[in-house]
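Colleague: One structure, pasted below without further comment.
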Amino acid sequence: MRRSPRDSQESHRKISRRALLLTSVQAVLVGTLAFRMRYLQVDQADEFRLLAEENSIKIRLLPPARGLIHDRNGAVVAGNEQNYRITIIKEDAGDTEDVLDRLGRLVPLTEEDRERTLKEAGRTPTLPITVADRLSWEEFSRVAVNAPALPGITTEVGLSRFYPLGPDFAHVLGYVGPVSDYDLSKMTDPDPLMKIPRFQIGKLGVEAKLEADLRGKAGSRRIEVNSTGRVMRELGRKDGDPGANVRITIDHRLQNYVQARLGDESAAAVVVDVRTGDILSINSAPSFDPNLFVRGISGPDYRALTENDHRPLADKSVQGAYPPGSTFKMVTALAALEAGVIGVGDTVYCPGFTKLGNRRFHCWRRGGHGHVNLNESLQQSCDVYYYEVAQRVGIDKIAEMARRLGIGVRFDLPMSAISEGLAPDKNWKRSKYGKEWLVGDTLNSGIGQGYVLASPLQLAVMAARIATGRSVTPRLVRAVDGQDVPLAETPELGLNENILRAVRKGMFDVSNSRRGTAYGSRIVDDTLRMAGKTGTSQVRNITAAERARGVTRNEDLPWERRDHALFVCFAPFDAPRYAVSVVVEHGGGGSTAAAPIARDIVLQALADGLPPLTAYPENQRSRIEAEREKLQLLGPDGPSGGRSRA
Amino acid sequence: MSYLEYNVKTIPTGLRKVLYFNWPLVLLVAAVAAVGFLMLYSVAGGRLEVWAEPQMKRFAVGMTAMLVIGFVPIWFWRNISAVAYLLALLLLVAVEFFGSIGMGAQRWIELGPLRLQPSELMKVALVMLLAAYYDWLDIKKTSHPLWVLIPVLIILTPTVLVLKQPDLGTAILLLAGGGLVMFVAGVSLWYFGTVIALSVALIFAVFESRGTDWQLIEDYQFRRIDTFLDPSSDPLGAGYNITQAQIALGSGGWTGRGFMQGSQSRLNFLPEKHTDFIFTTLAEEFGFVGAVSLLALYVLILVFCVQSALSNRDRFSSLLILGISGTFFLFFMVNMSMVTGLMPVVGVPLPLVSYGGTAMIILLGAFGLVQSAHIHRPR
């Protein structure tokens, strides 16, 4: 349209005005935008950068290889084996149940596995959860091949604990298992490794006590992931430090032999090297397979262990505390002789009982032993002699001597729930029961009954201390990470050598004199002769009625009411090497149930293998040989370092 | 002055027109496009052939279109503006029936190898028609209700069609672009005041309509508004885009993490990283400095356009340039506001930078119109 110049000018003016107005609005908006960018990119930059890092950079922990445990000769007794397992990350899986269903068609999945996986995955949807482990190679590869069709599923090869000798070391080493909520609740500053699902930590025994050494340090992998969590590249890798290897003092062959020798008895045996205190074997029977616990023990298996009246889960060698019975008589004798209340050659008359007030304390031999001196009292285990000398010396001196010899003292070994035993005295009874100590208590304690308690370990230490006259201290760990653990000092006990010699001679005669209580378990090889002491501790009170009827024989009682059988010994007599204690729960008499086992063990230790039959009395050799055949011992090759499951 | 009064002799002719192009504007446009190539190369993980190369080809086509259009006298474009509008309208209707579905909306028609997005065409055609309308209209009648109703209808017809696709972003751009031309043309401010008041009422009505059977916008649009108002309410769902975009932007800091080092975009945390959200990659890799530099380039383009418009005494040319530059402003403003969380997420690409079908070619064509107006201005 034609427009007048005035109109044109008007139009231009108007447009310019409006354009300027528009431009200023635009300028304001651009300014706002620039400020917004400044706010996001400058003021908030740190926060957002952190968020971006979290978005894309993930740190995955690399579990370190757990330290190995070797026996004293370097054989692996706790190793690591390859473990093929399958993990799932819920976030990547989408429909977890569906993926598990499909997985279940490739490898056997129990209903338990499924439920546990779903529960754990629900708790930590972004972390890999172990669905199944200890798969065979075929199962593992079947899953690996089908992995693309199983979102969120990853196949991994990890290490898992393996105990090649299984039950032999179950009580000493304990076992490892996945970290539990309970474990975490006990830790004040949990290692980040604990967040790795099913990370294995020591639950018991050496595995638990030396956890800090064995665990090692976590490595880490810094990876960049994309929005779907797929790993794009590895940005850095810091390998962890494997755990330190631990070398224990146990000889795995001896350990294996002792376990086999104890067999199905509910028993414990400890072998101590009297010169160093090294524990060469420490067994509790019956035992269990710790590998079951590493894998996660099944309900029925666990029930079978807990319901067994022989208590396979309990470590009787250090946790068990038994009345030491007559094995305590050396303590009473040493206390009395050191105090000078009786001489080595002095005799006490034994009519078969001691009267205290109107109460009778019986000797095990109803007819009595007649006049007995120290040697005869030990040899024949006369109770009345000890009733008498215990009364003379008093309980406090006896308790003191017991502690000097290791009873009532807690030894610091890396094992679980170590019992302190008990060497009772007047103060103890007063503070424990608020009652005064009675003379009757002294009598009972004098023969190792009543309140006195000792663990098999303590009894072995006692035997070692009597054998050497030194304060032998037991040692279980020989070296950690190649660093030798120094031997404890073994100062003289400060006992009169003549007195000690007399007591040792008494013990010698127990198994070498015809009238000795353990004569049947003698060693006939002169270089290997054994000195020992039998013990039989009552687990019940003998009632007057029973006594009137004639004491019921042990064999006629139900198992759980029979006496405990004990035996302590050291050998060779002339130059002691090993001290051994054996406790057979409800085994009957020490001379019949415990002494033969102790002799076999000490000979085994001395011979470093099966001892020649010539060490045994001639008339026993064929029986011993037959018994040996029945034992299932380790082959000559010993355990392999670790093996993978077929 | 109208073109009939031009002293045609003073207008450059033939190839000499090349000398009269607004070259700073051309260079600025090319510079922004180059930033786009760089970013597309980066988000493709250092690969040219994924996005950068096709984009370059499109740019070449667009530049050619710009030159060709620039050579054609502005009065020709004025004369065909009504035709262009009707054609665009026709295509918009056609898209209703034959359009392809992409990202949940009908937006384009396949014409052999060409993928035509009529709504893009409409943005330019609408501005052209409105500029032509106000050039034709007696200035005194500009604010007369009847003469205001006509451009309103011109604007609303395509807007409603686009809304039906549904494409909220383009609808807003059409509405705002058209309104902008009317504003510059001098329509009384009262009308604008009234429209703003009515819009507020309409927004209220939209929210009220939610969940009823007369619901005015789609559920997904409601969700976008929800997540705009509170992105943290659904960080892994609809709010994901916004959250991740802000993380990318923020983590850039002052100078950015360096070219090709943006973890957010390269690791696919960002959605639509090569299209609507490409600005976040730039901001992450080149930081505040890079982001503001791009903003400055855009502002310079605006400045040159406004300068050209104000120095042009042809009413159609002024209105056309202001309309096109205003639409261009709306483009980058809406996109940047969206990724910085100042606005809800609406599908608006970053002009000249985002990877996108015909948008780039059409935008360059529009700049061709600006050049034509510049070259053929009355002297």
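The values are calculated or read from the model by the stated rules, or taken from the named source; none is laboratory data. Small disclaimer: the values here were computed from a predicted structure and weren't measured. Here the Cβ is made from the backbone with ideal geometry for all residues, glycine too, and neighbour counts use every protein chain on show.
Colleague: Exactly one condition in (1) facing another protein chain (nearest Cβ under 9 Å); (2) closer than 20 Å to residue B:243 by Cα; (3) in a helix (DSSP H, G or I) is false for residue B:342; which is it?
Modeller: The single condition residue B:342 does not satisfy is (3).
Colleague: Taking the criterion of being among the β-branched types (Val, Ile, Thr) and under 30 Å from residue A:252 (Cα atoms), would at least one residue in region A:489-504 satisfy it?
Modeller: For region A:489-504, residues among the β-branched types (Val, Ile, Thr) and under 30 Å from residue A:252 (Cα atoms): present.
Colleague: Considering (1) touching a residue at least 24 places away in the same chain (Cβ under 8 Å); (2) touching a helix residue (DSSP H, G or I) at 6+ places or on another chain (Cβ under 8 Å), say which one residue A:74 fails and leave the rest.
Modeller: Unmet condition: (2).
Colleague: Looking at (1) at pLDDT 90 or above; (2) facing another protein chain (nearest Cβ under 9 Å); (3) under 30 Å from residue B:151 (Cα atoms), which one does residue B:313 not meet, given that it meets all the others?
Modeller: (1)
Colleague: For region A:506-535, enumerate the residues that are of a type in the set (Gly, Ala, Ser) and in a helix (DSSP H, G or I).
Modeller: A:506, A:511, A:520, A:521
Colleague: Could I ask something else about it? Show the residue pairs meeting these rules: Cβ distance below 8 Å; 6+ apart or different chains; first residue within region A:34-53 and not assigned by TED's automatic domain parsing to the domain that holds residue A:224; second residue among the charged types (D, E, K, R) and part of a helix (DSSP H, G or I).
Modeller: What qualifies is A:52/B:284.
Colleague: Any idea which of A:388, A:420 is among the acidic types (Asp, Glu) and under 30 Å from residue A:480 (Cα atoms)?
Modeller: Answer to the check: A:420.
Colleague: Return the residues of region B:189-220 that are surrounded by 14 or more Cβ atoms within 10 Å (Cβ to Cβ) and within 14 Å of chain A (Cβ to nearest Cβ); say none if nothing qualifies.
Modeller: Result: B:191, single match.
Colleague: Of the residues A:593, A:598, only one is over 30 Å from residue A:67 (Cβ atoms), part of a helix (DSSP H, G or I), modelled with pLDDT of 95 or more and not assigned by TED's automatic domain parsing to the domain that holds residue A:76; which?
Modeller: Answer to the selection: A:598.
Colleague: How do the helices (runs of 4 or more DSSP H) wholly within region A:156-221 filter down when requiring 1 or more residues that are modelled with pLDDT of 85 or more: which remain?
Modeller: A:170-173, A:205-209, A:211-215
Colleague: Condition test on residue B:253, is it modelled with pLDDT of 75 or more, over 26 Å from the mean Cα position of the chain (by Cα) and within 14 Å of another protein chain (Cβ to nearest Cβ)?
Modeller: Yes; evaluated as a whole, the condition is true for this residue.
Colleague: Kindly indicate which of A:130, A:96, A:117 is under 28 Å from residue A:59 (Cβ atoms) and in contact (Cβ under 8 Å) with a residue 60 or more places away in the chain.
Modeller: That would be A:130, the only listed residue that is under 28 Å from residue A:59 (Cβ atoms) and in contact (Cβ under 8 Å) with a residue 60 or more places away in the chain.
For (1) crowded, with 24+ Cβ neighbours inside 10 Å; (2) within 9 Å of another protein chain (Cβ to nearest Cβ); (3) not β-branched (Val, Ile, Thr), each residue gets a yes or a no:
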{"position": "B:275", "(1), (2), (3)": "no, no, no"}
{"position": "B:279", "(1), (2), (3)": "yes, no, yes"}
{"position": "B:284", "(1), (2), (3)": "yes, yes, yes"}
{"position": "B:318", "(1), (2), (3)": "yes, yes, yes"}
{"position": "B:337", "(1), (2), (3)": "no, yes, yes"}
{"position": "B:348", "(1), (2), (3)": "yes, no, no"}
{"position": "B:372", "(1), (2), (3)": "yes, no, yes"}
{"position": "B:379", "(1), (2), (3)": "no, no, yes"}
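Colleague: Follow-up question, since we're still on this one. Pairs under 7 Å by beta carbon, first residue within 10 Å of residue B:186 (Cα to Cα) in region A:12-24, partner of a type in the set (Ser, Thr, Tyr) and crowded, with 18+ Cβ neighbours inside 10 Å, six or more apart or different chains?
Modeller: From region A:12-24, the pairs are A:15/B:318.
Colleague: So, in region B:350-370, of the ones that are part of a helix (DSSP H, G or I) and not aliphatic (A, V, I, L, M), which residue ends up farthest from the other protein chains (Cβ to nearest Cβ)?
Modeller: Among residues in region B:350-370 that are part of a helix (DSSP H, G or I) and not aliphatic (A, V, I, L, M), the one farthest from the other protein chains (Cβ to nearest Cβ) is B:365.
Colleague: Determine whether region A:531-548 contains at least one residue that is modelled with pLDDT of 85 or more, over 23 Å from residue A:459 (Cα atoms) and touching a helix residue (DSSP H, G or I) at 6+ places or on another chain (Cβ under 7 Å).
Modeller: No, because not a single residue in region A:531-548 is modelled with pLDDT of 85 or more, over 23 Å from residue A:459 (Cα atoms) and touching a helix residue (DSSP H, G or I) at 6+ places or on another chain (Cβ under 7 Å).
Colleague: Quick one: how many residues across region B:9-33 are modelled with pLDDT under 90 and either touching a Cys at 6+ places or on another chain (Cβ under 8 Å) or among the small types (Gly, Ala, Ser) (or both)?
Modeller: Final tally of qualifying residues: 1.
Colleague: Here is a follow-up. Identify the residue in region A:412-443 that is in contact with a strand residue (DSSP E or B) (Cβ under 9 Å, 6 or more places away or on another chain) and within 30 Å of residue A:477 (Cα to Cα) and, among all such residues, is surrounded by the most Cβ atoms within 10 Å (Cβ to Cβ).
Modeller: Taking the candidates together, the pick is A:423.
Colleague: For residue A:324, work out the one condition from (1) touching a helix residue (DSSP H, G or I) at 6+ places or on another chain (Cβ under 8 Å); (2) more than 25 Å from residue A:535 (Cβ to Cβ); (3) not aliphatic (A, V, I, L, M) it doesn't fulfil.
Modeller: Only one criterion in (1) touching a helix residue (DSSP H, G or I) at 6+ places or on another chain (Cβ under 8 Å); (2) more than 25 Å from residue A:535 (Cβ to Cβ); (3) not aliphatic (A, V, I, L, M) is unmet by residue A:324, namely (2).
Colleague: For residues that are outside any loop (DSSP other than H, G, I, E, B) and either within 11 Å of chain A (Cβ to nearest Cβ) or within 21 Å of the chain's Cα centre (by Cα) (or both), tally how many sit in region B:142-152.
Modeller: Number satisfying all stated conditions: 2.
Colleague: Does residue B:289 fit the bill of being without any contact (Cβ under 8 Å) to a residue 40 or more places away in the chain, surrounded by fewer than 24 Cβ atoms within 10 Å (Cβ to Cβ) and more than 8 Å from chain A (Cβ to nearest Cβ)?
Modeller: yes
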